[in-house]
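The values are calculated or read from the model by the stated rules, or taken from the named source; none is laboratory data. Computed from a predicted model, the values in this text were never measured in an experiment. Cβ placement follows ideal geometry from the backbone for every residue including glycine, while neighbour counts extend to all protein chains displayed.
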Amino acid sequence: MIKENKKIFAINVLALALFLVFAGGGCSKPMALSEKTKVLDVSKESIALMTVKISNQYKPDNQPRAGIAPNFFVLIKEPATKTKHQFSVGGPYNAVAKQFNEYLVSIKLAPGDYKFTEINGFSGYMLPAMGTFAVPVYTDFRMGNNKVIYLGRIEATNRKRINDDELRAGPVIPLFDQAWCGFSDGTWDIKILDNYTDDVALFRQKYPVMGSCNVEKQILPPWKKPTKEEMAN
């Protein structure tokens, strides 16, 4: 039984690795800000800030956070060149068991036009199952020159899928793992909110390097279900 469990776990880890490689290009960049950041440099690349609250209400025992790798990945695409950028988010700044996890996200990109495509990750990393998920954001934003911008707060809640018109919260395969974690027959309710005052204060508290730097508000548009064409390109 132990050998069989180890085999299942190894297969799940491989499945996760392949999922992340194909979803985001396989090479992850770290967050722009960390406790070790000594200088806030936006001379070549600007910084975008946001907070993310992610919850699995459908299967509350399997909240979306990882244990053997960074918790989830933010995927950004350059529409003009089709270049993909994958950012490793790391651990939550706030976690409530069986309810939700909250994250501080800071990404560094050259000035230009971008599409925030997905938030990818997994949960249920302990046996018997490990499922992968994809939050379909699919919204456009622009990075200006030499700026720190605030894109807003994303709140994504996984609930039971009630019809075929609703996007699945994650892939169907592996059948047991995805069903156990509630992603194959779950769907995401997504909100994009303006929580500028509280969120920017939280970033300044967490990362003193920000000091009193100007943070420009640039809230992402309200979420809408992406088309098949958007998700395919």
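Would you be able to say whether some residue in the range 21-35 is assigned to a loop (DSSP other than H, G, I, E, B), more than 28 Å from V172 (Cα to Cα), at pLDDT 95 or above and not hydrophobic (A, V, I, L, M, F, W, C)? No, the range 21-35 has no match at all. Of all residues in the range 127-134, at least one satisfies being assigned to a strand (DSSP E or B), touching a Leu at 6+ places or on another chain (Cβ under 9 Å) and under 18 Å from K84 (Cβ atoms).
Within the range 120-156, the set of residues being modelled with pLDDT under 95 and crowded, with 21+ Cβ neighbours inside 10 Å comprises N120, G121, F122, S123, G124, M130, G131, T132, F133, A134. Against the test of being in contact (Cβ under 8 Å) with a residue 40 or more places away in the chain, basic (K, R) and surrounded by 14 or more Cβ atoms within 10 Å (Cβ to Cβ), the options K44, K38, K84, K115 yield a single qualifying residue, K84.
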